[in-house]
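The values are calculated or read from the model by the stated rules, or taken from the named source; none is laboratory data. These numbers were taken from a predicted model, which means no experiment stands behind them. Positions of Cβ are backbone-derived with ideal geometry, glycine not excepted, and every protein chain shown enters the neighbour counts.
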Amino acid sequence: MSEEFKEGKKAKEKGKPMSKRKKIIVALSSTLAVLLVALVATAYMYVNAKLNLINRPEDLPTIAPEDEYFETDDPNGNGFEVMDPDDVEWPDDAKVIRDKNVINIMLIGQDRRPGEKRARSDSMMIATINKKTNTVSVTSLMRDMYVQIPGYSDNRINVSYAYGGMKLLNETIERNFLIPIDGNIEVDFDGFKEVVDILGGIDIQVNAKEAKHLRSQGFSYVTEGTVHMDGKLALAYSRIRKIGHADYERTERQRRVVTAAFNKAKDLSYSEIISLVNVALPLVTTDLSNTQILSLAYTIFRMDVDNINTYRIPVDGAFKEASIRKMSVLVPDLYKNRQALKEYIYGEE
């Protein structure tokens, strides 16, 4: 309350008339206060209306443990060491790392086909906002990692999403890697393509083998070097798996695309951001509340991040390829990979 308003109130209580100047100041102060409240309320309602365009996870039934399945792809061992599931040793349970200055958001690329409600997670990345170090990092989790799935038999990590959605995937990550997940953001293939198109495309450096493969997929104009990609091409590039070092390079491509999209988005004008929001938000599914989304956006804005650090789990030298239940899998050394994640995410060795 302004001093003039207080004085005016006191004068009125004492029966003293206010001067014309003070009356004008009081009226202006009151009007400005009402306008400010109205402006804040309007902005809040506008932002919430936009955020309400986002999809929320459907309450889909989970797969019962007795109905679990194993996607076999390796009838002849594929040249890998054949292991019995009982021979895989896991480290003793340890304490989950929790830090209020570190926020971990799971980015899920949904491999959902027409008519399917939920399928395996085709892409899994942990996006980390570290307020202590003012950094943002993205860590890919390779989908063929053989891990412990709470309540089920050990299996590939991406099946946990098909069994029990975001909740079970988060529990699986916490159980194996001691990293808590604070929220999830999911997009399917169609949504991914549209978001890239809204951004006006992204520029990606393509090598000769990648270019040749993309040309064989119908993108005849692609050549080695920097390629401007629309959503359709960016998706095809992100899903390349049969050249290079299989899923190792595939996850690296996905991180390049995410980084390029982030760099493009942070340079958008206000009007371009509004256009992006209007089209992109209905393509996204998240379990984050509107308040949490706004808080994350504000945190990243304040950090003024220029670059994203990117990593991959399992790390080199900390896993072995094996054939388990006729599945080609990567059996991670959880101790070494937990240590690597602790360094990547928390900046601690």
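Numerical summary
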{"item": "Positions within segment 247-297 being assigned to a helix (DSSP H, G or I) and among the charged types (D, E, K, R), in sequence order", "result": "247, 249, 250, 252, 253, 255, 256, 264, 272"}
{"item": "Residue check, residue 312 assigned to a strand (DSSP E or B) and among the basic types (Lys, Arg)", "result": "yes"}
{"item": "Subset of segment 272-283 [under 14 Å from the mean Cα position of the chain (by Cα) and surrounded by fewer than 16 Cβ atoms within 10 Å (Cβ to Cβ)]", "result": "none"}
{"item": "Top-ranked residue of segment 138-168 - restricted to ones that are among the aliphatic types (A, V, I, L, M) and in a loop (DSSP other than H, G, I, E, B), ranked as nearest to the chain's Cα centre (by Cα)", "result": "142"}
{"item": "Checking residue 208 against (1) over 20 Å from residue 285 (Cα atoms); (2) aliphatic (A, V, I, L, M); (3) modelled with pLDDT of 95 or more, the condition it does not meet", "result": "(3)"}
{"item": "Residue under evaluation residue 221, criteria (1) among the hydroxyl-bearing types (Ser, Thr, Tyr); (2) in a loop (DSSP other than H, G, I, E, B); (3) touching a residue at least 24 places away in the same chain (Cβ under 8 Å), criterion not met", "result": "(3)"}
{"item": "Selection status of residue 145, over 22 Å from residue 260 (Cα atoms) and touching a Leu at 6+ places or on another chain (Cβ under 6 Å)", "result": "yes"}
{"item": "Number of the exception - residue 286 against (1) touching a residue at least 60 places away in the same chain (Cβ under 8 Å); (2) over 29 Å from residue 144 (Cβ atoms); (3) in contact with an Asp or Glu (Cβ under 8 Å, 6 or more places away or on another chain)", "result": "(2)"}
{"item": "Some residue of segment 234-246 being closer than 30 Å to residue 347 by Cα, assigned to a helix (DSSP H, G or I) and of a type in the set (A, V, I, L, M, F, W, C)", "result": "yes"}
{"item": "Pairs where the first residue, in segment 166-187, is under 15 Å from residue 152 (Cβ atoms) and touching a residue at least 12 places away in the same chain (Cβ under 8 Å) and the second is part of a strand (DSSP E or B) and hydroxyl-bearing (Ser, Thr, Tyr), C-beta under 7 Å, 6+ apart", "result": "169/121"}
{"item": "Selection status of residue 122, out of contact with any Pro (no Cβ under 9 Å at 6 or more places or on another chain), acidic (Asp, Glu), crowded, with 17+ Cβ neighbours inside 10 Å and modelled with pLDDT under 90", "result": "yes"}
{"item": "Contacts under 6 angstrom Cβ, first residue in segment 202-217 being part of a helix (DSSP H, G or I), partner among the hydroxyl-bearing types (Ser, Thr, Tyr), 6 or more apart", "result": "211/223"}
{"item": "Filtered residues of segment 300-324 (kept if among the polar types (S, T, N, Q) and surrounded by fewer than 16 Cβ atoms within 10 Å (Cβ to Cβ))", "result": "307"}
{"item": "Of all residues in segment 258-271 being surrounded by fewer than 15 Cβ atoms within 10 Å (Cβ to Cβ) and under 21 Å from residue 204 (Cβ atoms), the one that is nearest to the chain's Cα centre (by Cα)", "result": "266"}
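Condition check ((1) in the same structural domain as residue 85 (by TED's automatic domain parsing); (2) among the aromatic types (Phe, Trp, Tyr)) across all residues:
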{"site": "230", "(1), (2)": "no, no"}
{"site": "248", "(1), (2)": "no, yes"}
{"site": "273", "(1), (2)": "no, no"}
{"site": "283", "(1), (2)": "no, no"}
{"site": "299", "(1), (2)": "yes, no"}
{"site": "319", "(1), (2)": "yes, yes"}
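Okay, residues lined up against (1) modelled with pLDDT of 90 or more; (2) surrounded by 15 or more Cβ atoms within 10 Å (Cβ to Cβ); (3) of a type outside the set (D, E, K, R); (4) in the same structural domain as residue 298 (by TED's automatic domain parsing):
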| position | (1), (2), (3), (4) |
| --- | --- |
| 53 | no, no, yes, no |
| 66 | yes, no, no, yes |
| 75 | no, no, yes, yes |
| 85 | yes, no, yes, yes |
| 88 | yes, yes, yes, yes |
| 93 | no, no, no, yes |
| 105 | yes, yes, yes, yes |
